[in-house]
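Data first, discussion second: the structure below is written as structure tokens.
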Amino acid sequence: MQQNASAPRQAPPLVLTIAGSDSGGGAGIQADLKTMLALGVHGMSVVAAVTAQNSLGVQGYWELPAEAVRAQLDSVLSDIGVHAIKTGMLASTALVETVAEALAASDAPSVVDPVGVSKHGDSLLAPDAVDAVRSALLPAATVVTPNLYEVEQLTGVKVVDEAGLREAAEAVKALGPRWVLIKGGHLPGEPADLLFDGEREHRFTAPRHDNRHTHGTGCTLASAIASHLALGDDVPTAVGKAKEYVTGAIAAGFPLGAGIGPVDHGWRWR
């Protein structure tokens with residue numbers, strides 16, 4: 001039966017990313033919006049910082065004033081609303097505190113990717129902002145998704161093998177988020193991530209693909225989790241589906257420029 005062309009369409013679930021812009025298109029807000037489109041939600045964005053970035057690294061970044069970030073938040077939240085929020089690069093104490101206030105005031109689940117450095121090792125968070133991430137941002141998070149460097153930066157716990165993931169999860173959980181997903185992809189062997197809520201533990205494994213083009217994996221994973229939460233999944237289910245999506249995107253990653261290429265956010269369409 002043909003759909004009535006005059007019938008109003010219902011908007012898909014709404015997901016907001018609050019992060020930095022990646023001029024190379026592989027990470028940051030660009031990766032977030034591609035992920036959200038691929039997973040069937042409507043992506044919206046609050047730009048917190050602008051980076052000059054390509055496949056070789058980050059050549060510079062400029063954070064926006066806190067009032068500009070607050071105005072973007074107010075515009076989206078007051079008129080459109082959200083079903084889930086994802087945060088990425090926030091750069092400074094002022095921006096971390098501004099975003100933490102918005103998360104705490106929202107009923108929507110939030111996925112916090114506590115971005116500290118880029119894939120190339122470039123710092124994306126001011127040293128004095130780490131305390132604000134610990135004290136303000138993480139307690140407002142539904143799920144926090146640190147990699148092993150970020151675990152050490154936030155807690156001092158250094159993970160050297162899969163057995164150390166539980167200690168890392170407990171240390172991050174103590175900072176206040178409802179769920180912690182420790183990303184163990186930098187460990188040797190098959191990648192293993194640990195999801196923990198203080199009592200329950202879920203482990204997610206995936207094959208390791210022989211592919212160096214992995215720019216944007218952290219942004220993509222966090223955005224995929226937020227998208228599935230907006231679609232109605234519980235946290236363990238959302239993480240499992242997001243892991244499946246990002247594993248496929250890594251397998252389909254492609255070369256770009258002279259350095260590390262991005263994952264392929266549209267791999268399911270090709």
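The values are calculated or read from the model by the stated rules, or taken from the named source; none is laboratory data. Quantities reported herein were computed from a predicted structural model and do not represent experimental measurements. Note that we place each Cβ from the backbone using ideal geometry, even for glycine, and neighbour counts take in every protein chain shown.
Checked against (1) surrounded by 21 or more Cβ atoms within 10 Å (Cβ to Cβ); (2) in contact with a strand residue (DSSP E or B) (Cβ under 6 Å, 6 or more places away or on another chain); (3) more than 21 Å from HIS265 (Cβ to Cβ), VAL76 passes all but condition (1). Counting the residues of the stretch 242-270 that are buried (at least 22 other Cβ atoms within 10 Å of the Cβ), of a type in the set (Gly, Ala, Ser) and farther than 15 Å from LEU39 by Cα gives 1. For the stretch 135-152, state whether one or more residues are over 18 Å from the mean Cα position of the chain (by Cα) and surrounded by fewer than 16 Cβ atoms within 10 Å (Cβ to Cβ). Looking for residues that are over 18 Å from the mean Cα position of the chain (by Cα) and surrounded by fewer than 16 Cβ atoms within 10 Å (Cβ to Cβ), one finds at least one in the stretch 135-152, hence yes. Is at least one residue of the stretch 58-70 farther than 22 Å from ILE225 by Cα, at pLDDT below 95, buried (at least 17 other Cβ atoms within 10 Å of the Cβ) and among the hydroxyl-bearing types (Ser, Thr, Tyr)? Among the residues of the stretch 58-70, at least one is farther than 22 Å from ILE225 by Cα, at pLDDT below 95, buried (at least 17 other Cβ atoms within 10 Å of the Cβ) and among the hydroxyl-bearing types (Ser, Thr, Tyr), which makes the answer yes. Among all positions in the stretch 156-164, there is at least one residue which is under 25 Å from THR214 (Cβ atoms), at pLDDT below 95, of a type in the set (Asp, Glu) and in a helix (DSSP H, G or I).
Note on the stretch 118-134: among residues that are touching a residue at least 24 places away in the same chain (Cβ under 8 Å) and in a helix (DSSP H, G or I), the one that is surrounded by the fewest Cβ atoms within 10 Å (Cβ to Cβ) is ASP128.
Just to be sure, is ALA168 closer than 27 Å to SER55 by Cβ, touching an Asp or Glu at 6+ places or on another chain (Cβ under 9 Å) and buried (at least 16 other Cβ atoms within 10 Å of the Cβ)? Walk me through it before giving the result.
Working: closer than 27 Å to SER55 by Cβ: no; touching an Asp or Glu at 6+ places or on another chain (Cβ under 9 Å): yes; buried (at least 16 other Cβ atoms within 10 Å of the Cβ): yes.
No: the conditions fail for ALA168.
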